[in-house]
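The values are calculated or read from the model by the stated rules, or taken from the named source; none is laboratory data. Just so you know, these numbers come straight off a predicted model, no measurement behind them. Glycine also receives a Cβ, built like all others from the backbone with ideal geometry; neighbour counts cover every protein chain displayed.
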């Protein structure tokens, strides 16, 4: 079987990773190849001229009323059965190597939607011309590749591609890439002015004058894949923010229709276990890594950011006073999805402050590594200034993250929704139990009091209450029942979420 994957991210190439989709697009092709498949992976060229690559063709694509020339390169790879391709155009690399762009308020996704529209058209053209081998299964990832399905369905030029079996993976339903149909430079009719389409099939259910790429691909693909079994059921229900439930985000009816036809598949993502990190780090080496990362972040600007300054001062306090309590860690993007609960008011206090106070009762420390939403970053920075046992590291450093997985006693992941999640798998792999909100992939990977600790609640307030009570129970067990804690840690480390199993399920349920 030959599979062609189209995505915006791919961690097999340096500089092409932002989130978890990059890990999936890096790992699943290798697992599929081990099952006897051949896999081509295509992403935009964000600036990969430094890589060893071979030019294999030119593409002429009609876009925004003009003919655009794009170049296709094959990246040298040592992976048997996996072939990496990039498509080059100045629109993809104008952001100086950044994968995604931040647009001004009122124009969400505008820059990215335009560049991915051209990229998607180039993929279709490459298939039509035979530059890319015609696949048995065309696998599209998230809204960034959704226009491939739209063009195959509605463009007369790409009609010969309609017989290809198409699978569409939703990694995060909260990001749908919505843009206007017309009257905007970044709109469907601006990109492809001669395209005749069914507006009902492509429109956003809430904004009928807008094109919704994610909804379009859900409706047009042969199979729709959600990245965990629980999440595949959650998205069939409408979101209810007052109850703290994040479900179909407006697309639940389309997903219900697809599910009724047995074309929605929930397959949990996997994790790499071939090189499990050795537990050879110490608290001293962790603090040194953190300090080095802070220096690197500070050096990028002429003025030191308050978050980095306060973090450095807090680090010196950590260094000078020995902690006898547990180390609670968290690694991930700072978004509402991940930390909404911590940013809520609870009992007239910020929830994050409540968490720090509770950890302090057990003489513990909290270290959070991550960046993202600027308002949340500011909120966490102020909370760090108030709580002497809290260190917030605004940025990302691979080495620091890896060490936090190894040295942490308890990993905190209170996501409001989690399509799959990779951080909890990495923490468990290192033998660190996780405390998670029992939703999506977190529910599918962590078993309460067996491999970690889970909480839930049917409102934001009850979720906060449950988070605090579960955290207190976990910290009490760590202090008073060390044997039981060690058993949970061993159980967590023994779990295996294998890519081999995922690949077999892809072939059986997604590609047929």
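A few remarks follow.
- Members of segment 382-404 that are touching a strand residue (DSSP E or B) at 6+ places or on another chain (Cβ under 7 Å) and under 21 Å from residue 363 (Cα atoms): 383, 384, 389, 390, 391, 392, 393, 404
- Of all residues in segment 188-210 being over 21 Å from residue 65 (Cβ atoms) and assigned to a loop (DSSP other than H, G, I, E, B), the one that is farthest from the chain's Cα centre (by Cα): 198
- Tally of residues being at pLDDT below 95 and more than 28 Å from the chain's Cα centre (by Cα) across segment 321-338: 4
- Check on residue 401, on the phi > 0 side of the Ramachandran plot, within 25 Å of the chain's Cα centre (by Cα) and either crowded, with 24+ Cβ neighbours inside 10 Å or modelled with pLDDT of 95 or more (or both): no
- Residues in segment 5-31 that are part of a helix (DSSP H, G or I) and free of Cβ contacts under 8 Å to residues at least 24 places away in the same chain: 22, 26.
- Unmet criterion (only one of (1) crowded, with 18+ Cβ neighbours inside 10 Å; (2) in contact with a helix residue (DSSP H, G or I) (Cβ under 6 Å, 6 or more places away or on another chain)) for residue 238: (1)
- For the criterion of being surrounded by fewer than 24 Cβ atoms within 10 Å (Cβ to Cβ), at pLDDT below 95 and not assigned by TED's automatic domain parsing to the domain that holds residue 103, residue 388 fails.
- Verdict on residue 492 being over 20 Å from residue 359 (Cα atoms) and assigned by TED's automatic domain parsing to the domain that holds residue 337: yes
- Failed condition for residue 247, given (1) modelled with pLDDT of 95 or more; (2) in the same structural domain as residue 161 (by TED's automatic domain parsing); (3) surrounded by fewer than 22 Cβ atoms within 10 Å (Cβ to Cβ): (2)
- Out of 337, 303, sole residue that is in a loop (DSSP other than H, G, I, E, B) and either under 30 Å from residue 457 (Cβ atoms) or free of Cβ contacts under 8 Å to residues at least 60 places away in the same chain (or both): 303
- Subset tally (residues that are in contact with a helix residue (DSSP H, G or I) (Cβ under 8 Å, 6 or more places away or on another chain) and within 18 Å of residue 120 (Cα to Cα)) for segment 5-38: 7
- Within segment 309-322, the residues that satisfy the criterion of being in contact (Cβ under 8 Å) with a residue 60 or more places away in the chain and either outside any helix (DSSP H, G or I) or surrounded by fewer than 21 Cβ atoms within 10 Å (Cβ to Cβ) (or both) are 310, 315, 317, 318.
- Residue match in segment 354-376 (condition: crowded, with 22+ Cβ neighbours inside 10 Å, farther than 30 Å from residue 272 by Cβ and touching a residue at least 40 places away in the same chain (Cβ under 8 Å)): yes
- Some residue of segment 468-491 being closer than 28 Å to residue 21 by Cβ and buried (at least 23 other Cβ atoms within 10 Å of the Cβ): no
- The set of residues in segment 323-333 that are over 12 Å from residue 395 (Cα atoms) and part of a loop (DSSP other than H, G, I, E, B) comprises 323, 324, 325, 326.
- Hey, residue 97 in contact with a helix residue (DSSP H, G or I) (Cβ under 9 Å, 6 or more places away or on another chain) and outside the structural domain of residue 372 (by TED's automatic domain parsing) or not: no
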